[in-house]
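Notes follow the structure.
Values in this text are rule-based calculations from the coordinates and carry no lab data. Predicted model only: the values in this text are computed from it and were never measured. We place every Cβ from the backbone using ideal geometry, glycine too, and count neighbours over all the protein chains shown.
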Amino acid sequence: MYVKCGCLEEGRRVFNEMEERTVVSWSVMIQGLAMHGQAQEALRVFSMMIEMGVEPNGVTFIGLLHACSHMGLVDEGRRFFSGMTRDNGIIPEIEHYGCMVDLLSRAGLLQEAHEFIMNMPIKPNGVVWGALLGGCKVHKSIELAEEATRHLAQLDPLNDGYYVVLSNVYAEAERWEDTARVRKLMKNRGVKKTPGCSSIMVGGVIHEFVAGDDSHSQANEIFDMWEKLLGNMKLRGYRPDTSVVLLDIEEKEKEKFLYSHSEKLTLCFGLINTPPGVVIRIMKNLCVCEDCHAAFKLISTIVNWEIVLCELRRDVKDWDAELNWAVRKLKGKSLITLILRIAWRVFVYFIWAERNNRIYNHCSKPSSCVLEQVKGIIRLKASRLQNIKGDLVNRILCNNWGLSLFD
């Protein structure tokens, strides 16, 4: 829970204080470090795990491959993938193959990734093809992007993620007619892009913003705060990265578009309303663009404030694997059994959080905070159980690759 909320140090503290660590706790720590981009530390923890005599499982290797993927450790990733069967007797599942394609694609080895997919002993799903499509976007391979999209269109024709990526690929190549064709195809098929939004909890209340949001009661203060920050940022050499705005519009319009991203507005609101010394935690439902990453780093130094920005879909990579495996284990069991298990986990979480409400030190009403978290869990589980594959594809396409279209 701590690492998913951006509290890596707190998660590490709890891990270090555990009297007994099972493969579950080791795997969670490895995945948490990978999630926060600390791949080398994740590999070090894995070495400690082996030295302690704890046998890794399939989830452990998903965390390791995830870590290697984000740090470009291709050789290490290959070694882990081959060793999981040779040394540990674990047969790779679709999640492991997806991580390997993600690893190769990120490193620019697109042809090798494509051959890897074609030689898989099991049928590739949307996550696998989505990983290749994301790599095509980053490394500008239109031909492979079109092939991946054709497969994805058959696997999940109503998922908005791969339409967005293909549109981005065309836009970066300035093939605006093809970009318009993809958008028209989305409209004809009734596919709508998930709108980007950012949220922050202040005073026990969750505030949510979308791009260009002027509906908030403090909108004028928020925009004034941004203008002040922007002035200070430019004095320190900030230049807006308009390359992330994949629209055929004037440069000035692109800058205005960047300045109104939901996470920037949310940050300004947080700076206005958060007491000094309290960490500002912002959640984004999609990916965060490179310009916002750069802006947040600079703003943090200007205001001397600790800021945590979480991309929700990226942060649930380990949950995706866990959920898929849970569904397979529950195959053949009744829906009532599944509902009861979800209800029990929510209940346990509620009791635990109430007893440890110090983690909500920025919240004047811990009960309301926990209730909001429980509501979020229920909504999250319901949406994922409704379309697990669609959620996984969206994660690969819209988060792991830092893609942003229309924010």
With each label point set 7 Å from Cα along the Cα-Cβ vector, what nm distance links Asp214 and Glu251?
2.6 nm
Would you please give the FRET efficiency between Lys192 and Ser243, computed as 1/(1 + (r/R0)^6) with r the Cβ-Cβ distance and R0 = 45 Å, to the nearest 0.05?
0.95
Amide H proximity to Trp305 below 5 Å, modelled H, separation 5+ or other chain, gives none
Cα-based Kirkwood hydrodynamic radius, the stretch 102-169, one decimal, Å:
11.6 Å
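So for each of 195-207, 121-133 I average, over its residues, the number of other beta carbons within 10 Å; can you give me the resulting order with the highest mean first? Each step should come with its number before you reach the end.
Numbers: 195-207: 18.2, 121-133: 22.8.
Per-residue Cβ counts within 10 Å, averaged per peptide and sorted highest first, yield 121-133, 195-207.
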Going by the alpha-carbon gyration tensor, a ≥ b ≥ c the square roots of its eigenvalues, is the stretch 1-155 rounded (a/c under 1.5) or, if a/c is not under 1.5, prolate (a/b greater than b/c) versus oblate?
prolate
Counting Lys and Arg as +1 and Asp and Glu as -1 over every other residue whose Cβ sits under 13 Å from the Cβ of Cys268, the net charge comes to -4
Give Lys192/Lys297; Lys184/Lys256; Lys193/Lys234; Lys4/Lys184; Lys137/Lys193 a once-over and call out the pairs whose C-alpha atoms are over 29 Å from each other.
Lys192/Lys297; Lys193/Lys234; Lys4/Lys184
Using the per-residue mean of other Cβ atoms lying within 10 Å as a proxy for protection, in what order, highest first, do the peptides 62-71, 220-229, 12-21, 258-267 fall?
62-71, 258-267, 220-229, 12-21
Reciprocal of mean inverse Cα separation for the stretch 64-157 (Kirkwood radius, Å):
13.2 Å
Just check the stretch 1-43 against the gyration tensor rule for me: Cα atoms, a ≥ b ≥ c as the square roots of the eigenvalues, rounded for a/c under 1.5, and otherwise prolate or oblate depending on whether a/b exceeds b/c.
oblate
Relative contact order in percent for the stretch 126-267 (Cα pairs under 8 Å, 6+ apart) equals 20 percent
Extension gain from Ile272 to Glu10, taking 0.36 nm per residue of separation minus the Cα-Cα distance
91.7 nm
Based on the mean of other beta carbon atoms within 10 Å per residue, what is the order of 100-111, 137-148, most packed first?
100-111, 137-148
For the stretch 124-133, what does the Karplus curve 6.51 cos²θ - 1.76 cosθ + 1.60, with θ = phi - 60°, yield as ³J(HN,Hα) per residue in whole Hz, taken in order and with x for Gly and Pro?
x, 9, x, 5, 5, 5, x, 5, 5, 4
Phi angles of the stretch 71-77, converted by Karplus (6.51 cos²θ - 1.76 cosθ + 1.60, θ = phi - 60°) into ³J(HN,Hα) in whole Hz with x for Gly and Pro, give 9, x, 8, 5, 4, 4, x
3J(HN,Hα) from dihedral phi, the stretch 148-160, Karplus parametrisation 6.51/-1.76/1.60, rounded to Hz, x for glycine, proline:
4, 5, 4, 5, 5, 5, 7, 6, 8, x, 9, 7, 7
